[in-house]
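K.L.:
Okay, handing you the structure first.
The values are calculated or read from the model by the stated rules, or taken from the named source; none is laboratory data. Just so we're clear, the structure is a prediction, and the values are computed from it rather than from any experiment. Cβ placement follows ideal geometry from the backbone for every residue including glycine, while neighbour counts extend to all protein chains displayed. Areas reflect the complete protein model, heavy atoms only, side chains present, ligands, DNA and RNA absent. Shrake-Rupley method; radii C 1.70, N 1.55, O 1.52, S 1.80 Å.
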Amino acid sequence: MKKSIINFREMAEKKEKIVYITGYDYLTAKYEERAGVDMILVGDSLGMVTLGYETTFPVTMDDMIAHSSAVRRGAPNTFIVGDMPYMSYQISNEEAVFNAGRFTKESLVDAIKLEGGTDSVCQRIKAISDVGILVMGHIGLTPQFAAQMGGYKAQGKSAGAAMELLRQALAIEAAGASFILVEGVPAVVGKAITERLNIPVLGIGAGSFTDGQLLIYADMVGYYDDFTPKFVKKYANVGAELLKGFTAFCDEVRNGAFPDDGVHTYVIADEEAAELEKLLAEIK
Ligand code: KIV
């Protein structure tokens, strides 16, 4: 059964860890649901993992809607979070509500996520929550702010920076967010934030104390190999398996081993084959 915000609050209260993973397509989502993950994020990491961009910036609302819809079809019984792409919420509350509404109406996601802890992002969170949509905040290493951070760098590494992240987390909760995701911070900062918030705190590279753990699926199954962040653990080697399969297919097609007509080909009754031969001979 699909979990709701109530289940996630209870899990956080009882210290039962929430399992959270990204997904971008129907098939992967199907396996994630079969594995029993609690929550799927259709992240704008879609841009790098699936669409081949160097950053998340080019990803559009239409990309996110198409992929979130596919994930919904693959995982009908899993809580799905749609990630608001760059410039889908920054300009005004109206645009933010409109795009969050598109996610909910067109892709049937259960919540949306947006990045940042500034005053204007908190206004967007309030506006979106006010129309009844569940919001997940996202602070720390936030890729849409990569230029200002000087790249994909861990955040909250000084006492002052950590206190600023805690201030942002509290502001996001006060604005009406139902969850918060903390990314790329020292474990002690993840713990300090989790201990002080009432909403479930999910972490990615934020230590073991947070209420749940997120990883990008393509990192943790050894599929995306352009780079691997320090906080990723590899649980499988899908890339190597794909390469093995593709290489074997190339070899077998080229050397004639595939297809084996006795196994991989449709059959025709003997009398039909004889008749066909006769007809072909007539048109020679
Ligand atoms: O887009 C995404 O997958 C994300 C995670 C990196 C947190 O926002």
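K.L.:
If Glu241 satisfies all but one of (1) in a loop (DSSP other than H, G, I, E, B); (2) at pLDDT 95 or above, what's the number of the condition it fails?
P.N.:
Only one criterion in (1) in a loop (DSSP other than H, G, I, E, B); (2) at pLDDT 95 or above is unmet by Glu241, namely (1).
One line per residue, one yes/no per condition, for (1) without any contact (Cβ under 8 Å) to a residue 40 or more places away in the chain; (2) in contact with a Lys or Arg (Cβ under 6 Å, 6 or more places away or on another chain); (3) open to solvent by 100 Å² or more (accessible area, probe 1.4 Å):
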| residue | (1), (2), (3) |
| --- | --- |
| Pro229 | no, no, no |
| Lys233 | yes, no, yes |
| Ala248 | yes, no, no |
| His264 | yes, no, yes |
| Glu271 | yes, no, yes |
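K.L.:
Any idea which of Met87, Met39, Met61 is aliphatic (A, V, I, L, M), within 16 Å of the ligand (Cβ to nearest atom), in contact with a helix residue (DSSP H, G or I) (Cβ under 9 Å, 6 or more places away or on another chain) and open to solvent by 70 Å² or more (accessible area, probe 1.4 Å)?
P.N.:
On inspection, the qualifying residue turns out to be Met87.
K.L.:
If you scan region 178-203, which residues turn out to be of a type in the set (Asp, Glu) and either within 11 Å of the ligand (Cβ to nearest atom) or touching a helix residue (DSSP H, G or I) at 6+ places or on another chain (Cβ under 8 Å) (or both)?
P.N.:
Result: Glu183, single match.
K.L.:
Here are some conditions: (1) assigned to a helix (DSSP H, G or I); (2) farther than 30 Å from Leu242 by Cβ; (3) among the hydrophobic types (A, V, I, L, M, F, W, C). Phe209 meets all but one. Which one does it not meet?
P.N.:
Phe209 satisfies all of (1) assigned to a helix (DSSP H, G or I); (2) farther than 30 Å from Leu242 by Cβ; (3) among the hydrophobic types (A, V, I, L, M, F, W, C) except (1).
K.L.:
Checking the structure you have, find out if any residue of region 44-52 is buried (at least 23 other Cβ atoms within 10 Å of the Cβ), within 13 Å of the ligand (Cβ to nearest atom) and among the charged types (D, E, K, R).
P.N.:
There is at least one residue in region 44-52 that is buried (at least 23 other Cβ atoms within 10 Å of the Cβ), within 13 Å of the ligand (Cβ to nearest atom) and among the charged types (D, E, K, R).
Quick grid of which residues meet (1) in contact with a strand residue (DSSP E or B) (Cβ under 7 Å, 6 or more places away or on another chain); (2) part of a loop (DSSP other than H, G, I, E, B):
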position: Leu51; (1), (2): no, yes
position: Ile65; (1), (2): no, no
position: Ala70; (1), (2): no, no
position: Ala100; (1), (2): yes, no
position: Ser120; (1), (2): no, no
position: Ile139; (1), (2): yes, no
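K.L.:
Residue check: is Ala240 surrounded by fewer than 17 Cβ atoms within 10 Å (Cβ to Cβ), within 17 Å of Val49 (Cβ to Cβ), over 17 Å from the mean Cα position of the chain (by Cα) and touching a residue at least 12 places away in the same chain (Cβ under 8 Å)?
P.N.:
Here the answer is no, as Ala240 does not meet what is asked.
K.L.:
Within the group Ala174, Ala161, which residue is without any contact (Cβ under 8 Å) to a residue 24 or more places away in the chain, hydrophobic (A, V, I, L, M, F, W, C) and surrounded by fewer than 21 Cβ atoms within 10 Å (Cβ to Cβ)?
P.N.:
Ala161
K.L.:
I'd like to verify a number: residues in region 204-227 that are more than 9 Å from the ligand (Cβ to nearest atom), open to solvent by less than 20 Å² (accessible area, probe 1.4 Å) and within 12 Å of the chain's Cα centre (by Cα), how many?
P.N.:
Residues flagged as more than 9 Å from the ligand (Cβ to nearest atom), open to solvent by less than 20 Å² (accessible area, probe 1.4 Å) and within 12 Å of the chain's Cα centre (by Cα) within region 204-227 amount to 2.
K.L.:
Within region 90-116, can you find the residues that are free of Cβ contacts under 8 Å to residues at least 60 places away in the same chain, hydrophobic (A, V, I, L, M, F, W, C) and either in contact with a helix residue (DSSP H, G or I) (Cβ under 7 Å, 6 or more places away or on another chain) or at positive phi (or both)?
P.N.:
Ala96, Val97, Ala100, Phe103, Leu108, Ile112, Leu114
K.L.:
I would also like to ask the following. Hey, can you tell me all the residues within region 1-24 that are within 16 Å of the ligand (Cβ to nearest atom) and either open to solvent by 50 Å² or more (accessible area, probe 1.4 Å) or closer than 16 Å to Phe209 by Cα (or both)?
P.N.:
Hits for region 1-24 are Ile18, Val19, Tyr20.
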